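Notes follow once the structure below has been shown.
Readers should treat all values here as calculations from the given coordinates under stated rules, not as data from a laboratory. This one's a predicted model, so the numbers in the text were calculated from it and none came from an experiment. Using ideal geometry, Cβ is built from the backbone for each residue, glycine included, and neighbour counts are taken over all protein chains shown.
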Amino acid sequence: MPESQSSHEQTDLEKRRRAIYLLPNAFTTAALFAGFFAVVKAMSGQFELAAIAIFCALVLDGMDGRVARLTNTQSAFGEQYDSLSDMTSFGVAPALVAYQFAMNDLGRWGWLAAFVYVAGAALRLARFNTNIGVIDKRFFQGLPSPAAAALVAGFVWLVQDNRLAVDESSLAWITFAITIYAGVTMVSNAPFYSGKTFALGKSVPFWAMLVFVAIFVFITSNPPIVLFGLFVVYGLSGWVVWLWKVRRARSLSWGRKSDPEG
């Protein structure tokens, strides 16, 4: 390859990394606004709207990266901006919503649980940024912050929508347990399926579209129950995979010890 062409491609790459693209960053800004909106609504006691806003941020956050890849507009600025947006929408916002919703009656235990969640989200995002291109792309290391936020916000939405009858005396401690679990699981080593192997830009068979429509109808039939149930299953799936891998590794180790010549 000629030296002039190589230097020209390098210059284009540097320009791309420094560039600020409107379309993907518009989705990131919308997700950031949804997280800020959730905090504002929680401060005014409108917890159902706050929870819905966090789910809106989750959808928007899932779109910005895919839009950037489809339009070939990835940039270093977009990556950093997305992380800062995630820290607000899936770190600070869910913790404040949960605290205002039920944990403020627990005194220092309430705000300590909220801080554990915020610290877990910050550590999770920092580790994710440093592990890009290092770990298996099929799995996240620890519970992703959007899923942790959906777990907390889903519980708030479920209770607020009167779909889950919880005694007021135990509501604060249940919220405490869910918040602590989400915060700790974010910094765990449990592998959670990432879904990155599913390429949005590729063609899919007709049955896949039918499945997508069925899932959409299933969610819209009763969003609080369905969404919370789905994220509870996802929030536990990483530990199931982790236990399966541990048992498999132990069985392989015992197999080698029992048959040293094999």
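Here are some notes:
- Between Phe139 and Val211, the contour length at 0.36 nm per residue exceeds the Cα-Cα span by 23.7 nm.
- Placing unit charges on the Cβ atoms of the charged side chains and taking the dipole of segment 17-123 about its Cα centre, the candidate lying farthest along the positive direction among Phe47, Leu70, Leu106 is Leu70.
- Of the peptides 36-45, 49-58, the order by per-residue mean of other Cβ atoms within 10 Å, starting with the highest, comes out as 49-58, 36-45.
- Relative contact order computed over segment 62-166 (Cα-Cα under 8 Å; 6+ residues apart), in percent: 29
- Remark: segment 3-258 carries a charge dipole of roughly 1140 debye about the Cα centre, counting +1 on each Lys and Arg Cβ and -1 on each Asp and Glu Cβ.
- Considering all C-alpha pairs of segment 3-258, those separated by over 25 Å amount to 50%.
- What the Cβ-Cβ distance of Asp105 and Asn222 gives, at R0 = 45 Å and to the nearest 0.05, is a FRET efficiency of 0.95.
- For Asn131 and Leu22, a Förster radius of 25 Å and the Cβ-Cβ distance give a FRET efficiency of 0.30, rounded to the nearest 0.05.
- Net charge of neighbours whose Cβ lies under 14 Å from the Cβ of Ser145, counting Lys and Arg as +1 and Asp and Glu as -1: -1
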